[in-house]
Amino acid sequence: MSSMEHIPVMAGEVVRLLVTDRSGTYLDGTCGLGGHARLILTELSSEGKLICIDRDVEMLEAAKSQLRSFGNRVRFQHCSYDDPGQISALSPSTLAGVLLDLGLCSAQLDDEQRGFSHRFDSPLDMRFDRSGGKTAADYVNTASEQGLVDSLRSFGDFANAKSLAGRIVKRRSSSPLRTVGELVSCVEDLFPHRLRNKLAARFMQSIRIAVNAELDRLDRALPELVSYLTAGGRFAVISYHSHEDRRIKRFFRQSGRASGLPPDIEACMKGMGPALRPVTRRAIKPTDHEVDLNPRARSARLRVAERLV
Ligand SMILES: C[S@@+](CC[C@H](N)C(=O)[O-])C[C@H]1O[C@@H](n2cnc3c(N)ncnc32)[C@H](O)[C@@H]1O
C-alpha cells in the first residue's frame with residue numbers, strides 16, 4: 001500500500017450526531033483506516049465499545065494497529081456491512097449507533113496495485129475484498145454490452161453509455177482487457193478533453209460500484225442494520241454520490257412513519273421493520289473550509305436517523 005492516509009470526513013458532526021450513549025456499543029461498518037473509529041472511541045466512556053468491520057483485510061489490519069491503544073474496547077472483524085448476522089456475539093437491538101462511511105479510502109485509491117484509480121496502469125482488480133469474487137477484469141471482459149450500458153448509465157450518469165460500452169466490447173473482442181490503462185485508453189477519446197480526468201474518474205467509479213455490487217449491498221444493509229439498533233440508537237451514513245444519497249434519503253423517509261399517519265396506513269406498514277425519526281432534516285455537507293483542507297470530502301453528504309421503538 002503506497003500511502004496510509006485518510007482524513008475522516010465531517011468528523012465533528014459524525015461524533016456529535018452519532019454518540020448519544022457514551023457507554024453504549026457502536027458499529028463502524030466501514031472502518032477503513034479507523035479515522036472515525038478513533039474519534040468515536042475517544043468520545044465514549046471506559047464502558048463504551050466499538051466493533052469495527054471492513055471488507056478489505058488490509059484496511060482492517062491497518063486500523064487494528066492504529067487503534068491498539070484502546071485495548072479490548074474495540075474489536076475487529078472482516079465482514080461486509082450487509083451481513084451483520086456474521087458479526088460474532090452481536091444480537092439484534094443492542095447497538096447504540098451504526099456508522100457507514102461509504103465508498104473507498106484515499107489509501108485504496110492511491111494504491112497502485114488495486115486498480116481503483118485511472119491515474120495508475122494497475123491490474124484491473126477493484127475488489128474491496130480480494131479473498132474472492134469477480135475482479136474488474138472479469139467484469140469488463142464478461143458483462144453483456146447492455147449490462148455495461150446499464151452500469152455506466154446508472155452509476156456514472158453517462159449520457160454516452162452506449163458508445164462507451166460499445167468501445168469496451170469492441171476492444172475485448174481482440175484480446176481481454178487486463179489493465180486500467182487498457183480500459184481507460186479504449187474510451188478516453190469519448191470524453192471532452194477539458195473534462196478527461198474528471199470523467200475518467202467517474203467512469204472508474206461506475207465500474208467499481210458494479211464490481212463490488214455497492215448499491216445492492218447498501219439496499220440490503222439499511223433495513224438489516226436498523227434492526228441491530230436499540231430504541232434511541234442512531235444510524236449515520238455518509239455517501240459520496242447522488243445514487244447512494246437518494247437511496248438513504250428514501251429509506252429514512254419510508255421508515256419515518258409512526259408520525260401521525262392515518263391509522264389504516266400505519267397498520268398496513270406494520271411488519272416493515274423498526275421506525276426511524278430523522279435527526280438531520282436535510283443532508284449535511286462539509287464546510288468550504290473542510291473541502292479546502294480535504295478536496296475528497298467535496299461530494300460527501302451525511303444523513304442521520306434514530307430508531308424509535
Ligand atoms: C471511506 S472509507 C472509510 C474511512 C473511515 N471512515 C476512516 O475514517 O478511516 C470506506 C471503507 O469502506 C470499506 N467498504 C466498502 N464496502 C464495504 C462493505 N460492503 N462492507 C464493509 N466495508 C466496506 C472500504 O474497504 C473502505 O475501507
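We did not get these values from a lab; they are worked out from the coordinates using the rules stated. Here the structure is a predicted model, which is why all the values come from computation and not from measurement. So basically every Cβ, Gly included, is an ideal-geometry build from the backbone, and we count neighbours across all protein chains shown.
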Check your understanding: Just how far, in whole angstrom, is the stretch 22-80 from the stretch 290-309 if you go by their alpha carbon centroids?
Key -> 19 Å
Exercise for review: Take residue 75, project a point 7 Å from its Cα along the Cβ direction, then tell me which residues of the stretch 11-37 have their backbone nitrogen under 18 Å from it.
Suggested key: 23-31
Check your understanding: How far, in nm, would the chain grow between residue 216 and residue 280 when pulled straight, counting 0.36 nm per residue and subtracting the alpha carbon separation?
Key -> 20.6 nm
Point to revise | Difference of contour (0.36 nm per residue) and Cα-Cα distance, residue 112 to residue 170 | key: 18.2 nm
**Study point:** Size-normalised alpha-carbon gyration radius of the stretch 129-211, reference 2.2 N^0.38 Å
**Key:** 1.01
Check your understanding: Pulled fully out, how much extra length does the chain show between residue 292 and residue 57, if you take 0.36 nm times their separation in residues and subtract their Cα-Cα distance?
Key -> 81.5 nm
Review point. Can you list the residues, at least 5 places off or on another chain, whose amide H is less than 5 Å from the amide H of residue 76, using H built in the peptide plane?
Key: 52
Check your understanding: Which residue, 29, 132, 48, tops the fluctuation ranking in a GNM of the chain built on C-alpha contacts under 10 Å?
Key -> 132
Review point. Calculated FRET efficiency, residue 16 and residue 157, Cβ-Cβ r, R0 30 Å, to nearest 0.05?
Key: 0.40
Check your understanding: So what are the three principal axis dimensions of the stretch 1-112 from its Cα atoms, in whole Å, longest to shortest?
Key -> 40, 29, 24
Exercise for review: State the percent of C-alpha pairs, over all pairs in the chain, separated by a distance greater than 30 angstrom.
Suggested key: 36 percent
